[in-house]
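S.K.: This is the structure I have questions about; it appears just below.
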Amino acid sequence: MQGDLSRETFDPRSHYTAVRLQQGRVLTDADFNEQGDITRHRHERLARDVIGASGGPAEGAGFALTGGMRALAVHALDANNVWIAGEDGVLLVSSNGGGAWTVADTGSTRHLRAIARAAATGWAVGDGGTIARTTDAGATWAAQGSGTLQTLRGVAAFDAQRAWAVGDGGLALATTDGGATWTQHATGVARLYAVAFTSAQNGLAVGQGGAIVRSSDGGQSWARVDGGTTATLRAVMLNGAQALAAGDGGTLLVSNDGGATWSAATSGSTARLRALRMRNATTGWAAGDGGTLLATNNGGTTWTAQPVAGGPMLTGLSVAGSADAWLVGAGQVWRVAAGGAGAPATLPAASLLIGPGCYYVQGQHCVWEQGASLANQPDGGVAQRLAPGTYLIYLRAWQRHIGALEDPAMREVALGGPDTATRARQVAQVRALALPAPPNNTPWTCGAAIAGWDALAAPPGARLAAHATPQLAATGVCDIAASAGYRRLENQLYRVEIHSVDANTGAATFKWSRENGSVAYAVQSIAVDTVAQLTTVRVAARGRDANLDLAPHDRVELVDDAAALQQRAGQLFEYLNDGDDALELVLAGVPTGSLGQDTGLHPLLRRWDQRPTAAGQNALAVVEGSWIPLEDGVEVRFAPGGSYRVGDYWQIPARTATADVEWPLDDDGAPLVRPPAGVQDGWARLGLVTVNAAGLIGAVTDCREWFPQLTRLTQLLYVGGDGQEAIPGAAVAEPLRVRVVRGALPVEGARVRFTVEAGGGTVGSPAAGVTDATTDAAGQAACPWTLGAAGPQRVRAHLLGSDGDPVAGQTLVFAAMAQANVQAGGGCAVTIGKGGNFEQLSTELLQKLLKERGGQLCICFLPGQHALDGLSIKQSDAPMRLSLHGCGPTAVVDVAGPIALGGFAALELRDLQLAMAPKAMLQLTNNAQLGLHGLRIDGKQEAPQPWVVVDGTAELRMHQCEVAAAAPASVVVQNAQGLCEIMHSQIAGDLAFYGMPGTDAAGAAPPAAALVNALNNGDFQVPAGRGQLVVAHNQLARLNLGQDMMKQLIARKFDGLFHTVVLQGNSLGAAPSLCAGVFMSVTGNHFTATKPTGNLYGAMVGRRAAASGNVGELVGDTATLYFLVTKGQFRGAANMVFTLPQSTA
């Protein structure tokens, strides 16, 4: 850091935790500073360990990106031609009454605060003395020199040649030549907000403290008028002898003599009024904060409130002829009729807006108290508008050293204003990195590898070594060796700092100071002589002695806040001589742009001690590999192969007592090369932004990482008990089980409340409708559940807080069915196996038994090993019911061929272990009711085929099954007509719906990516579907879609989907998962893949979708869960997985 320091002693490798003072000892600046560095380092290290590389609080993370516009002024020439000016230099032009808007190129990103127009000629004025002029009705704009850097807040135009502008410092500008020249005139007012002229000579301006000034000579001179108020006035209207003014506290003033005298009108409001316009002598409006809109129909004598819904801050009004008035505020525009403002229209998203809040970047705590934009930020914005393309928006965090010259408020006035301690200030800057076309035409994602980002965020590559000149050996006994080592008489802290880097070649220059760059002088004014190429700088004071003063040919750096923040360097000059007195310094050369000329940016001259020998050079070239002498024995060497950044610096303490410098040495005593001591940057990705061909902000992808508050880390998790069946009035086999954890640690003693919500059953012991359970040492709680009357049953579990109230968002729902056991009819009358009715089952035997028993058959496989060559029944006669059961877990069936069962009114396979041969599979076709319960299916494949294919069922219930992996899917369900319910099962391969999934073709884009590309914009409609799909509490590899359905969806056709889809409580170990339905509910699922293909956790396709409580192993768009639904039809909340569209916190 630049400052009058003796040295920097902090080294994290020392592991010091505090600096301790001793009595009677000297306390140095290095001791005090080291304590601050220790504290800062420990805080940043702790934040990084807890949060990670970057992150913001889940509730209220800062730096959110949105597209929008903040309108400040509006001007309507007639019913069709309208201009709207706003922040970031945005100026919208419409020639069809606001039906369409064009973003005009004003050549500036400074806020435009006022606009005025005379026929096709117009002016826009704003911050930094900005003036832009058009002569073609707003199609093109050219900058004009205002001669000031003050903010201009009001403008008026009489014709194409005569115009006026007012602003800060009470400045009044006038032009009579179309803006080729602007003359400045003082008004004696601290700040003027608005100006109006009724002729080429007569005008009014209003401003701070109730100021009203009047001109009768075309703005050449101004006289103060008493308006009878001290409230700041922000708007003025002048038409002939009629004048009105409006301002703070609802102030409204009326004059009938051209502003010579004023009277107050009763507004009935206390709001800050910012805009005022009259349609004619009687009708007009005033507008301001809190949605305040006031109307008058008697020339301003009385006013009626016409509040605007939502209470926006209204900033601009315009009236043209008899058409409805125009009203603007924030990012909206209203048309105002006699009855008030109509519905608002949203203005085009011409600016990239950035929300307030905090964000941690590699331990650095970045905070914005107020929102900003990419172009205008507290620590310096991006000066150019973004061209069409895609950008990575990122946050750069670093520490800036601030002294009393940069912030005079540090000085203690009571002690005479001495320059005491300095400060380190956190800088947070949002920047944009243009991205090339993405590889394979897949959309950019937040976690994508980006070469430009890697280069930007890479640690500094420069290395430097320092030493004092070594002692040279004498050449003979009579010779005296040359003097060596550090030879100055004072201790110094040398600073070597990179000054510039060539963007094309990487060649760098550096500057150095023996005083650590602490010798600086406050700049009061600058005079530039472009002809002589000289700059005269007036400083507030010179150095107190020769060591701290300037001598001819010293190099000085002119720098201000903008240069320090944007470039980390100013401009170097050679000091030639004094001017008219000792406080005027004449420098060789002229500054670029407005550098140093805005006193609000705290300009200063900083002395550096290099003396380049080449004419016209002010910095030294970085030459690698050789020792470069600084002075008096101090030398530095840049290591070969370095990459340099402006502002990188090294500090070299030099001590007279040792005649040496303090620099680390290797084991052989040679100086080590060291990376820069600073500036230390932190980098974090904030989002991806697309700018369309019209220059408007398009898609915005949020790349921020979030972390919950520690007190919100307690979670209620599902363990078991959902989806059971029992007869009415009976208890379910397994109790309802939940687990309470804080992070990964179980919480003992937490209370969970179980409440019966449907079915009329009871919970707990003694049985009741509501019961509380307490978690054990493992964090688990259990609750027995007795079902009520036949039908669906539901119990809700709430985690209770210490106050006994439910904790928001911590709830689970358990469902069950009270019904008689599903029977195929006839009881288990036939047993298979040794000691049973038949030793082996075959197709012929099955057909015979079905016929003998009237189509009602239950077959049980006895414990032991069974052989089954296969089965083939395609029933088409009278409805039949078949149940195949295993008698306990030791009934194992070796299946040699396909089991093809179809056409049954009811078909059930229960509690069977099926060992499948390579050609074996279950083919279950056109069964009205199909139940698969407790199946264990395993085997080895020789060719791609699923183990289970369900085709054309009206009702499928698949519970507690285990199915081995298979390609292209383990289970395929297609042509389902009614309820399809898959619960509490483990499927090691894909679970596919709507047909057989395809395989990825070599070199082709992955199907999931193609689906995202086809449907991501949401401009489609999905017709009604049929049936219901419930996939709940399963352990799955992933969900998939049939190949034909994929082609259909990519072609934007949506026929044949389930009408409702519920995905709840599943664990999905592979990615991406694909699913489709008209209405989708995705709740409480866990996506465990750590390297998802194409950075996709999955894609859900439909008309409307809701998602909550889903969790991913990866957070951020390195693993995105897409909801490809009709635009605006997605809602998400409390998801710890990155979703697009985005979920709320």
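Bear in mind that the values in this text are calculations on the coordinates, not laboratory data. Only a predicted model underlies this, so the values are computations on that prediction, with no experimental measurement involved. Note that we place each Cβ from the backbone using ideal geometry, even for glycine, and neighbour counts take in every protein chain shown.
S.K.: What FRET efficiency do you get for residue 549 and residue 181 if R0 is 35 Å and r is their Cβ-Cβ distance, rounded to the nearest 0.05?
M.R.: The pair residue 549/residue 181 has a calculated efficiency of 0.30.
S.K.: Just the Kirkwood number for the stretch 680-811, please: inverse of mean 1/r across all distinct Cα pairs, in Å, one decimal.
M.R.: 17.7 Å
S.K.: Using the alpha-carbon atoms, what tilt in degrees (0 to 90, nearest 10) does helix 29-51 show relative to the longest principal axis of the chain?
M.R.: Approximately 30 degrees, to the nearest 10.
S.K.: Helix 843-852 sits at what angle to the longest principal axis of the chain, using alpha carbons and giving 0 to 90 degrees rounded to 10?
M.R.: The answer is roughly 70 degrees.
S.K.: In Å and whole numbers, how far do the C-alpha atoms of the stretch 153-285 stretch along each principal axis, longest first?
M.R.: So the extents along the principal axes, rounded to whole Å, are 44, 31, 21.
S.K.: Taking θ = phi - 60°, what integer Hz values does the Karplus form 6.51 cos²θ - 1.76 cosθ + 1.60 yield along the stretch 689-701, in sequence order, with x for Gly and Pro?
M.R.: So the J values, rounded to whole Hz, are 10, 10, 9, 7, 5, 7, x, 9, 6, x, 5, 10, 10.
S.K.: Give, in nm to one decimal, the length gained when the segment between residue 532 and residue 819 is fully stretched (0.36 nm per residue of separation minus the Cα-Cα distance).
M.R.: 93.3 nm
S.K.: If you take the C-alpha gyration tensor of the stretch 822-943, multiply each eigenvalue by 5 and take the square root, what semi-axes do you get, largest first, in whole Å?
M.R.: 21, 17, 13
S.K.: Student exercise: in the chain, how many lysine pairs 8 or more apart or on different chains have Cα atoms under 23 Å apart?
M.R.: Pairs that pass both the separation and distance tests number 7.
S.K.: Oh, and also: Students often check this: by mean Cβ neighbours within 10 Å, which of 374-386, 237-249 ranks highest, and how do the rest follow?
M.R.: 237-249, 374-386
S.K.: Hey, how much of the P(r) for the stretch 20-159 falls beyond 25 Å, as a percent of Cα pairs?
M.R.: Of all Cα-Cα distances in the stretch 20-159, 51 percent exceed 25 Å.
S.K.: If you don't mind, there's one more thing I want to ask. Report the full-extension gain for the segment residue 502 to residue 412: residue separation times 0.36 nm, less the Cα-Cα distance, to one decimal in nm.
M.R.: 28.2 nm
S.K.: On to the next question. Lys and Arg at +1, Asp and Glu at -1: add these up for the other residues within a Cβ distance under 13 Å of residue 87 and post the number.
M.R.: Its environment carries a net charge of +2.
S.K.: With just the Cα atoms defining each centre, how far is the stretch 159-177 from the stretch 1111-1129? Give it in Å.
M.R.: That distance is 53 Å.
S.K.: State the Cα centre-to-centre distance between the stretch 1033-1056 and the stretch 249-295 in whole Å.
M.R.: Rounded to whole Å, the Cα centres lie 62 Å apart.
S.K.: Do the sum for the chain: with -39,500 (n - 2.57) for every DSSP H run of n ≥ 4, divided by all residues, what is the mean residue ellipticity at 222 nm, to the nearest 500 deg cm²/dmol?
M.R.: Taken over the chain, the calculation gives -1500 deg cm²/dmol.
S.K.: Would you please put 128-134, 92-98 in order of how densely packed they are, using the mean number of other Cβ atoms within 10 angstrom per residue and starting with the highest?
M.R.: Answer by packing, highest mean first, reads 128-134, 92-98.
S.K.: Further question on the same structure: Based on Cα coordinates alone, diagonalise the gyration tensor for the stretch 319-370, multiply each eigenvalue by 5, take square roots, and list the semi-axes in whole Å, largest first.
M.R.: Semi-axes (√(5λ), whole Å): 40, 10, 8.
S.K.: Sort 326-336, 661-671, 274-284 by packing, meaning the average of other beta carbons within 10 Å per residue, with the highest value first.
M.R.: Result, highest mean first: 326-336, 274-284, 661-671.
S.K.: Something else: Dipole of the stretch 822-943 (Lys/Arg Cβ +1, Asp/Glu Cβ -1, origin at the Cα centre): which of 840, 925, 939 lies farthest to the positive side?
M.R.: Farthest towards the positive end: 925.
S.K.: Given points 7 Å out from each Cα along the Cα-Cβ axis, report the residue 119 to residue 11 separation in nanometres with one decimal.
M.R.: 7.7 nm
S.K.: Also, I was wondering about something else. Report the percentage of all Cα-Cα pairs in the stretch 75-128 whose separation exceeds 13 Å, rounded to a whole percent.
M.R.: 55 percent
S.K.: Could you let me know the centre-to-centre spacing of the stretch 100-122 and the stretch 620-686, using Cα atoms, in angstrom?
M.R.: When both Cα centres are located, 50 Å separates them.
S.K.: Set the Förster radius R0 to 51 Å, insert the Cβ-Cβ distance between residue 40 and residue 576 as r into 1/(1 + (r/R0)^6), and round the FRET efficiency to 0.05.
M.R.: 0.75
S.K.: For the stretch 982-1145, what is the convex hull (Cα atoms) projected area averaged across all directions, in square nanometres?
M.R.: 8.3 nm²
S.K.: Give me the percent of DSSP beta bridges within the chain that run antiparallel, rounded to the nearest 5.
M.R.: Close to 65 percent.
S.K.: Efficiency by 1/(1 + (r/R0)^6): what FRET value for residue 811 and residue 1051, r their Cβ-Cβ distance, R0 = 25 Å, to the nearest 0.05?
M.R.: Using R0 = 25 Å, I get an efficiency of 0.05.
S.K.: Now for a separate question. Rounded to whole Å and ordered largest first, report the semi-axes of the equivalent ellipsoid of the chain derived from its Cα gyration tensor (root of 5λ).
M.R.: Each semi-axis is √(5λ); the values are 71, 44, 27 Å.
S.K.: In terms of the ratio Rg/(2.2 N^0.38 Å) built on C-alpha atoms, what value belongs to the stretch 829-890?
M.R.: 1.11
S.K.: For the stretch 70-346, what mean projected area does the convex hull of the alpha carbons give, in nm²?
M.R.: Convex hull of Cα atoms, orientation-averaged projection: 11.9 nm².
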